[in-house]
Amino acid sequence: AVKLDKDRFRLGHTKVFFRAGILGYMEEVREDKIGSVLSWLQAGARGKSSRMQFKKLQDQKLALYCCQRAIRAMMMAKTWKWLQIWLAIKPNLKCTQFGKYK
């Protein structure tokens, strides 16, 4: 709300009358208020966008670490003799529900 002295304006039955220069002052105050609200809104939107982009990059980084870990484990397992023996024996075993016995 804009605080004005009583002598700066008069109220008619259907209109508000301002003294000289007051209307320009009111326009300046209005522009300042609109500018501050819009800059606040724009800052909030940019902040939200930046946080979403950062979260996306974090998720991609974690997915990359997971892929690297899986590839590293696969490369180590290729040369591990116990796994080679297990993969050679497993198809010939009659029991296929190994998950129950772990």
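The values are calculated or read from the model by the stated rules, or taken from the named source; none is laboratory data. Since this is a predicted model, take the numbers as computed values, not measurements. Heads up, the Cβs are rebuilt from the backbone with ideal geometry, glycines too, and the neighbour counts pull from every protein chain shown. Keep in mind that these areas ignore ligands, DNA and RNA; they rest on the heavy atoms of the full protein, side chains included. Shrake-Rupley method; radii C 1.70, N 1.55, O 1.52, S 1.80 Å.
Quick one: is R19 without any contact (Cβ under 8 Å) to a residue 24 or more places away in the chain and in contact with a strand residue (DSSP E or B) (Cβ under 9 Å, 6 or more places away or on another chain)?
Yes: the conditions hold for R19.
Kindly list the number of the only condition in (1) open to solvent by 100 Å² or more (accessible area, probe 1.4 Å); (2) at pLDDT 85 or above that fails for C66.
Evaluating C66 over (1) open to solvent by 100 Å² or more (accessible area, probe 1.4 Å); (2) at pLDDT 85 or above leaves (1) as the failure.
Going through the stretch 1-22 one residue at a time, which ones are over 42 Å from the mean Cα position of the chain (by Cα) and open to solvent by less than 100 Å² (accessible area, probe 1.4 Å)?
L4, D5, D7, F9, G12, V16, F18, G21, I22
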